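J.: I have a structure here, written as structure tokens, and I will follow up with some questions on it.
The values are calculated or read from the model by the stated rules, or taken from the named source; none is laboratory data. These figures come from a predicted structure and were not determined experimentally. Note that each Cβ is placed from the backbone with ideal geometry, even for glycine, and that neighbours are counted across all protein chains shown.
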Amino acid sequence: MVYNYSNNIKFINLRNYIQSLAVLQFLPKNCYPYLISREKLRYYNVPKIILFMNGWYDIFDGNKKISNHINPIYLSIHIYNEGDLDDEAIENLKKYESIGYRDISTLNILKK
């Protein structure tokens with residue numbers, strides 16, 4: 001994934017990029033990685049891809065629901081804003097279970 005940090009962010013979470021780099025070692029040699037924006041998962045429309053989901057996962061309209069052109073594999077996510085996990089976001093996560101979590105607070109959120 002590509003992480004589009006706004007100009008208001010005072011830091012960049014390097015862990016997200018490190019996790020994305022780590023995933024690359026598991027791709028087949030003839031595979032061409034295609035990077036898409038974490039903030040626009042709902043709007044992605046071509047080509048159909050498998051997307052390794054990892055990193056800081058901010059729940060908002062752009063990613064509460066994943067495009068049907070994406071088959072997400074949730075490897076290691078951190079959910080930042082539990083309060084925004086509405087029915088649409090929860091339904092999306094359940095659709096693609098099992099969900100890999102990066103920390104205990106995210107595990108507790110997912111258990112709820």
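J.: If you take the residues of region 77-112 that are hydrophobic (A, V, I, L, M, F, W, C) and in a helix (DSSP H, G or I), which of them is surrounded by the fewest Cβ atoms within 10 Å (Cβ to Cβ)?
T.: Checking each candidate, the answer is 104.
J.: Now a separate question. Could you check residue 48 against (1) within 24 Å of residue 108 (Cβ to Cβ); (2) at pLDDT 80 or above and say which number it fails?
T.: All conditions are met except number (1).
J.: Looking at region 26-46 only, could you name the residues that are in a loop (DSSP other than H, G, I, E, B) and within 18 Å of the chain's Cα centre (by Cα)?
T.: 26, 27, 33, 34, 35, 36, 41, 42, 43, 44, 45, 46
J.: Collect the residues in region 47-67 that are more than 9 Å from the chain's Cα centre (by Cα) and assigned to a loop (DSSP other than H, G, I, E, B), keeping them in residue-number order.
T.: 47, 48, 59, 60, 61, 62, 64, 65, 66, 67
J.: Can you name every residue in region 68-102 that is among the small types (Gly, Ala, Ser), modelled with pLDDT of 90 or more and more than 12 Å from the chain's Cα centre (by Cα)?
T.: Selection gives 98 alone.
J.: Is there any pair linking a residue in region 33-45 that is within 16 Å of residue 55 (Cβ to Cβ) to one that is of a type in the set (Val, Ile, Thr), with Cβ under 6 Å and at least six apart or on different chains, and which?
T.: From region 33-45, the pairs are 35/2; 37/2; 41/66.
J.: Which of the following residues is in contact with a strand residue (DSSP E or B) (Cβ under 8 Å, 6 or more places away or on another chain), surrounded by fewer than 13 Cβ atoms within 10 Å (Cβ to Cβ) and closer than 19 Å to residue 18 by Cα: 35, 51?
T.: Answer to the selection: 35.
J.: Could I ask something else about it? Look through region 67-76, keep the residues that are hydrophobic (A, V, I, L, M, F, W, C) and under 20 Å from residue 102 (Cα atoms), and return whichever of them is surrounded by the most Cβ atoms within 10 Å (Cβ to Cβ).
T.: Among those residues, the one meeting the criterion is 75.
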